[in-house]
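The next block holds one structure in the form of structure tokens; read it before the comments.
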Amino acid sequence: MLWPISIVVAATLTLKGHKRRAAALLLVTVGGRLIVELLKWATDRPRPQLFDYPMIVHSQSFPSGHASNSMIVYLAAALIAAPLLTRGRWPATAAIVLAIAIGFTRPMLGVHWPSDVLAGWALGLAWTLSTVWLLTRWMEERPVAGRSD
């Protein structure tokens, strides 16, 4: 569900003439996803074996991809796209609340340890806030006359 959201928001930004914001959104979401996958590979932490899973899960446990990727995608959309539509902090607050709700389901389903989810939230929050902060000036710059973005 998160990939389609990223693509739809980026396509909408592009169609509305905000190519740099679209590129920034994709950079934040794809880059964050790559970091999560690298951390899963590097730590190689197995998932809890509390009971049989309803489906076979092949990825490792740490950090929780659901917790981190939902934080990254929803918060990036709130920080990059939402300011074009509304003022205020409610989109970012809603994004964080949604990501936290998603993360809470992971230990309840027995597919992650609580520390996996906490690390996912922290990683997603830190990655998104830092990359959006670093890209803010670039997103706001006007193209040079005679050059298209």
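Each value in this text was obtained by applying a stated rule to the coordinates, not by laboratory testing. All figures in this text were calculated on a predicted structure; none of them were measured in a lab. Don't worry about glycine lacking a Cβ; one is built from the backbone with ideal geometry, like all the others, and counts go over all protein chains shown.
Could you tell me the center-to-center distance, by alpha carbons, between the stretch 1-71 and the stretch 88-103 in angstrom?
Value for the Cα centre distance between the two parts: 16 Å.
Loop-only check: which chymotrypsin sites (Phe, Trp or Tyr not before Pro) in the stretch 1-88 are DSSP coil with at most 15 other Cβ within 10 angstrom? Don't jump to the answer; show the numbers that get you there.
Numbers: sites: W41, F51, Y74; in loops: F51.
Passing both the DSSP loop test and the Cβ count: F51.
Provide Rg over Rh for the chain; use the alpha carbon set for both Rg and the Kirkwood Rh (inverse mean inverse pair distance).
Numbers: Rg = 16.9 Å, Rh = 16.2 Å.
My calculation puts Rg/Rh at 1.04.
Between F104 and L2, what is 0.36 nm times their sequence separation minus the Cα-Cα distance? Round to one decimal in nm. All intermediate terms of the calculation are to be shown ahead of the outcome.
Details: separation 102, 0.36 × 102 = 36.72 nm, distance 1.73 nm.
Residue separation times 0.36 nm, minus the Cα-Cα distance, leaves 35.0 nm.
With 10 angstrom as the radius, rank V117, V97 by how many other C-beta atoms surround their C-beta, starting from the fewest.
On the way: V117 24, V97 11.
Taking fewest neighbouring Cβ atoms as first place, the list is V97, V117.
Over the residues of the stretch 54-107, compute the C-alpha Rg and express it relative to 2.2 N^0.38 Å.
Details: Rg = 13.5 Å, N = 54, 2.2 N^0.38 = 10.0 Å.
Ratio of Cα Rg to 2.2 N^0.38 Å: 1.35.
Quick one: net charge around A76, please, counting Lys, Arg +1 and Asp, Glu -1 for every other residue with C-beta under 12 Å from its C-beta.
Details: positive: R21, R33; negative: none.
That works out to +2.
To the nearest 500 deg cm²/dmol, what mean residue ellipticity at 222 nm is calculated for the chain from DSSP H runs of n ≥ 4 alone, each contributing -39,500 (n - 2.57), summed and divided by the residues?
Values: 5 runs with 101 residues, N = 149.
Mean residue ellipticity at 222 nm (helix-derived): -23500 deg cm²/dmol.
R0 = 35 Å: FRET efficiency of R89 with D44, Cβ-based, nearest 0.05? Don't skip to the answer; put the middle values down first.
On the way: r = 38 Å, r/R0 = 1.08.
The calculated FRET efficiency here is 0.40.
Which trypsin sites (Lys or Arg not before Pro) from the stretch 1-49 combine a DSSP loop assignment with at most 15 other Cβ atoms within 10 Å? If you can, show how the numbers build up before the last one.
Details: sites: K16, K19, R20, R21, R33, K40; in loops: K16.
Sites meeting the loop and neighbour criteria: K16.
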